Amino acid sequence: MTADHGRFHGYNVRPGGREGNERSLRLALPRDVPAVRLARRVTRDTLTAWQLGHLEDTAVLLVSELVTNALRHASDTGAIGLELTSAGTWLRVEVQDGDPHWRLPASPAECGESGFGFVLVDSLAGRWGVRRISAGKAVWAELDASRA
């Protein structure tokens, strides 16, 4: 990730095999509240360009939740990045931050007024997870991109 917050870090299309072409977009986000608005806008625009508008509402909700969590828990640890990747029948939304620690999902009974983020992500995504990266962690969620 770079310090050029709010600028496109990269757009890539790679020829794929069975799944078709893989498309990806990377964006460095500012470490403040406008990051969520920017991430939602970029997600909408990208999914429209990729002809995945049918995933827009769910993907934007996932992006909002993941970026908000990164701002809340890791805003003082460096850059926050958004990566969207699509190939064939799936779309992956990934948010990277500089905090190497990840929180365990809380059960709804343990949550007060907040803390339902992972419950929401779990209910919307086909798969999701957390992976360690050199600068911290990446939280990702995948959606089925095939039309029902």
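The values are calculated or read from the model by the stated rules, or taken from the named source; none is laboratory data. These numbers were taken from a predicted model, which means no experiment stands behind them. Here the Cβ positions follow ideal geometry from the backbone for every residue, glycine too, while neighbour counts run over all protein chains shown.
Restricting to the stretch 22-76, give me the number of residues that are in contact with a Lys or Arg (Cβ under 9 Å, 6 or more places away or on another chain), within 15 Å of residue 96 (Cβ to Cβ) and of a type in the set (S, T, N, Q). Adding up the residues that qualify gives 3. For the stretch 36-56, the set of residues classified as within 12 Å of the chain's Cα centre (by Cα) and not basic (Lys, Arg) consists of 36, 39, 42, 43, listed by residue number.
Residue 70 fulfils the conditions (1) surrounded by 16 or more Cβ atoms within 10 Å (Cβ to Cβ); (2) out of contact with any Asp or Glu (no Cβ under 9 Å at 6 or more places or on another chain) except for a single criterion, (2).
Restricting 35, 74, 79 to those that are at pLDDT 90 or above and within 23 Å of residue 136 (Cα to Cα) reduces the list to 35. Total residues in the stretch 57-92 satisfying the condition of being among the polar types (S, T, N, Q) and under 13 Å from the mean Cα position of the chain (by Cα): the figure is 6.
Hey, does the stretch 8-25 have a residue that's outside any helix (DSSP H, G or I), over 24 Å from residue 130 (Cβ atoms), in contact with a Leu (Cβ under 9 Å, 6 or more places away or on another chain) and modelled with pLDDT under 90?
There is at least one residue in the stretch 8-25 that is outside any helix (DSSP H, G or I), over 24 Å from residue 130 (Cβ atoms), in contact with a Leu (Cβ under 9 Å, 6 or more places away or on another chain) and modelled with pLDDT under 90.
Residues that are part of a helix (DSSP H, G or I), out of contact with any Gly (no Cβ under 8 Å at 6 or more places or on another chain) and of a type in the set (A, V, I, L, M) within the stretch 67-97 comprise 67, 70, 71, listed in sequence order. Of the residues making up the stretch 51-69, those that are over 15 Å from residue 142 (Cα atoms) and touching a residue at least 40 places away in the same chain (Cβ under 8 Å) are 68, 69.
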